[in-house]
Amino acid sequence: MDITVVFQIAAVGILVAVLNQVLKGAGRDDQATMTTLAGLIVVLFWIISHISDLFGTVQNLFQL
Amino acid sequence: MFLTIIGGALVCLSTTLIGIYLGGAGGRRAKDLLEFKKSLILLKSQIDYAIYTLPQAFSHIAQRVAPPLDNFYRRLAEAPDGWSDEILQLKSNLHKDDLVNISLLGASLGQGDADVQINSIDMVLATIDDTLGQLTVKNKTDTKMYRSLGVVSGLLITIALL
């Protein structure tokens with residue numbers, strides 16, 4: 001697995017947290033929630049194949 | 001790698017500029033509202049003290065207000081009955097609500113005596129003052145928010161595309 005994915009996820013986490021604070025400060029709580037959700041979905045798209053690989057490896061390891 | 005950095009910088013720059021532009025929208029609207037308020041106060045004084053006819057009053061105001069209101073009053077000086085139509089076609093930073101509110105004045109301008117017209121202008125002025133009061137509070141938070149959103153969303157897009 002490429003280590004840059006981890007850094008990308010960390011950066012997205014920080015930026016989404018900043019966006020969340022800015023939107024909440026402006027009284028736009030709904031948009032803040034939607035932004036957090038969008039960040040989560042983007043990150044899930046990135047790591048979904050890695051999670052699939054992980055489950056595959058676990059299956060092979062324990063011969064399930 | 002070099003192209004990636006340039007591309008990322010351009011994306012960040014564009015979103016930051018969009019944020020700055022959107023952050024200034026409220027300020028531009030407030031500026032246009034203030035200009036309109038100034039023109040209505042002038043109109044009121046022209047009707048009340050100078051006792052001009054409407055085309056004369058519009059012509060005088062056209063020389064004393066900033067664009068795009070000067071053209072608006074110049075057109076009205078030629079066709080004083082077209083207030084409501086002209087205001088809805090005015091290209092400015094005003095919202096549709098502001099324009100609809102100001103267009104209501106068209107029903108009373110040129111109708112009835114001077115007092116009725118001055119009362120109508122006062123009513124529109126009071127609404128503009130209310131809107132300006134709300135805008136002042138809203139602008140403070142919105143300007144900061146749009147600028148921050150511009151910068152942060154640019155970074156977010158760049159990281160997502162890397």
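In Å, what is the Rg of the alpha-carbon atoms in the protein assembly as shown, and how long is Dmax?
Here Rg and the maximum Cα pair distance are 27.4, 98 Å.
Cα axis of helix B:2-23 to longest principal axis of chain B: angle in degrees, 0 to 90, nearest 10?
So the inclination is approximately 20 degrees.
With each run of n ≥ 4 DSSP H residues scored as -39500 (n - 2.57), what mean residue ellipticity at 222 nm is computed for chain B after dividing by its residue count and rounding to the nearest 500 deg cm²/dmol?
Rounded to the nearest 500, it is -26000 deg cm²/dmol.
In segment A:1-33, what residues drop by 40 Å² or more in accessible surface going from the chain by itself to the full protein assembly, probe 1.4 Å?
Buried on complex formation: A:GLN8, A:LEU15, A:LEU19, A:VAL22, A:ALA26, A:ARG28.
Checking an interface number: how much accessible area is buried between B and A, summed over both chains, with a 1.4 Å probe, in Å² rounded to 100?
Roughly 1100 Å² of accessible surface disappears when B and A pair.
For segment A:51-59, just list the computed ³J(HN,Hα) in residue order, Karplus coefficients 6.51, -1.76 and 1.60, θ = phi - 60°, integers in Hz, with x standing in for Gly and Pro.
Karplus values, whole Hz, x for Gly and Pro: 5, 4, 4, 4, 5, x, 4, 4, 4.
Return one whole number: the accessible area per residue of chain A in Å², for a 1.4 Å probe.
The answer is 73 Å² per residue.
For segment B:2-161, what is one quarter of the convex hull surface built on the Cα atoms, given in nm²?
Its average projected convex-hull area is 11.2 nm².
Cross-link partners among lysines for B:LYS31, C-alpha distance below 25 Å, same-chain residues fewer than 8 apart left out?
Partners within reach: B:LYS44, B:LYS91, B:LYS96, B:LYS138, B:LYS140, B:LYS144.
Percent of accessible area on segment A:3-63 owned by carbon and sulfur, 1.4 Å probe?
Roughly 71 percent of what the probe reaches on segment A:3-63 is carbon or sulfur.
Can you give the accessible area per residue of segment B:2-161, in Å², using a 1.4 Å probe?
Spelled out: the 1.4 Å probe surface of segment B:2-161, per residue, equals 56 Å².
For segment B:1-60, take the convex hull of the Cα atoms, compute a quarter of its surface area, and give me that in nm², please.
The Cα convex hull of segment B:1-60, projected and averaged over all directions, gives 5.7 nm².
Set Lys and Arg Cβ to +1 and Asp and Glu Cβ to -1, take the dipole of the protein assembly as shown about its Cα centre, and tell me which of B:ASN101, A:PHE62, B:VAL65 lies farthest positive.
Farthest towards the positive pole: A:PHE62.
At q = 0.11, 0.24, 0.25, 0.29 Å⁻¹, what log₁₀ I(q)/I(0) does a Debye calculation on the Cα points of segment A:3-63 give, no solvent, two decimals?
-0.36, -0.92, -0.96, -1.09
For B:GLN63 and B:LYS38 in one chain, what is 0.36 nm times their gap in residues minus the Cα-Cα distance, to one decimal in nm?
Roughly 7.7 nm would be gained on extension.
Take the solvent-accessible surface of the protein heavy atoms, probe 1.4 Å, and return the percent of it on segment B:28-105 that carbon and sulfur atoms account for.
52
Would you mind calculating the gained length between B:LEU161 and B:ILE51 on full extension (0.36 nm times residue separation, minus the Cα-Cα distance), in nm to one decimal?
33.0 nm
The values are calculated or read from the model by the stated rules, or taken from the named source; none is laboratory data. None of the values given here were measured: they were computed from a predicted structure. Cβ sites come from the backbone with ideal geometry, for glycine too, and all protein chains shown count toward neighbours. Just so you know, the surface numbers come from the protein's heavy atoms only, side chains and all, with ligands and any DNA or RNA stripped out. Shrake-Rupley method; radii C 1.70, N 1.55, O 1.52, S 1.80 Å.
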